[in-house]
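One structure is given here, and the rest of the page talks about it.
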Amino acid sequence: MSDDVLMFFSKNPGALPIYEELERRVLAALPGTRVEAARTQISFKGRHLFACASFLPVRRAAQRPRVYLTVTFGLGYKKISPRIDAAAEVRPTRWTHHVLVTSPQEIDDELTGWIMESFELSEGGR
């Protein structure tokens, strides 16, 4: 894990284990993935961005846990699931989805599958 990624969690260290599981799963499934940490998000990229992790507050403050990580990915359609906190059509047939994750166990096969689908879409696979 890079120093930039560790610095990203300096103000929210409790979310680091969530991110570690996310990174572990993404890199295991897509070994060539580049991980780029910036001030507001950590991006996962192949040829193009396909997912990111951030502290985007996709729930109202009263409904937001103290420790969380927002996982964002894009699909060619609006995914309907109680796990998805927000979805927006950023352009025709491109939907950005946000999932608020509160524990490493929530980085499961379902969420990882959505991220893999986002990767395929970003690379032109569908």
Based on what the data block shows, is Pro92 surrounded by 13 or more Cβ atoms within 10 Å (Cβ to Cβ), over 21 Å from Lys45 (Cβ atoms) and either at pLDDT below 95 or under 14 Å from the mean Cα position of the chain (by Cα) (or both)? no
Is there any pair linking a residue in the range 56-68 that is among the hydroxyl-bearing types (Ser, Thr, Tyr) to one that is part of a loop (DSSP other than H, G, I, E, B), with Cβ under 8 Å and at least six apart or on different chains, and which? Tyr68/Phe55; Tyr68/Thr102
Asp109 passes all but one of (1) surrounded by 17 or more Cβ atoms within 10 Å (Cβ to Cβ); (2) without any contact (Cβ under 8 Å) to a residue 60 or more places away in the chain; (3) among the acidic types (Asp, Glu); which number fails? (1)
Test Ser103 against the criterion of being of a type in the set (Gly, Ala, Ser), within 18 Å of Val26 (Cα to Cα), in contact (Cβ under 8 Å) with a residue 40 or more places away in the chain and crowded, with 18+ Cβ neighbours inside 10 Å, and give yes or no. no
Selection from the range 28-76 of residues surrounded by fewer than 15 Cβ atoms within 10 Å (Cβ to Cβ) and either closer than 15 Å to Gly113 by Cα or among the polar types (S, T, N, Q) (or both) yields Ala28, Ala29, Thr40, Gln63, Gly76
Going by the conditions given, is Ser10 part of a loop (DSSP other than H, G, I, E, B) and modelled with pLDDT of 95 or more? no
Search result, residues across the range 8-26 that are aliphatic (A, V, I, L, M), in contact with a strand residue (DSSP E or B) (Cβ under 7 Å, 6 or more places away or on another chain) and either under 15 Å from Ser43 (Cβ atoms) or free of Cβ contacts under 8 Å to residues at least 60 places away in the same chain (or both): Ala15, Leu22, Val26
Verdict on Phe119 being out of contact with any Gly (no Cβ under 9 Å at 6 or more places or on another chain), within 22 Å of Glu20 (Cβ to Cβ) and not small (Gly, Ala, Ser): no
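The values are calculated or read from the model by the stated rules, or taken from the named source; none is laboratory data. In this text the structure is predicted, and so the values were computed from the model without any measurement. Virtual Cβ from ideal backbone geometry, glycine too; neighbours counted across all protein chains shown.
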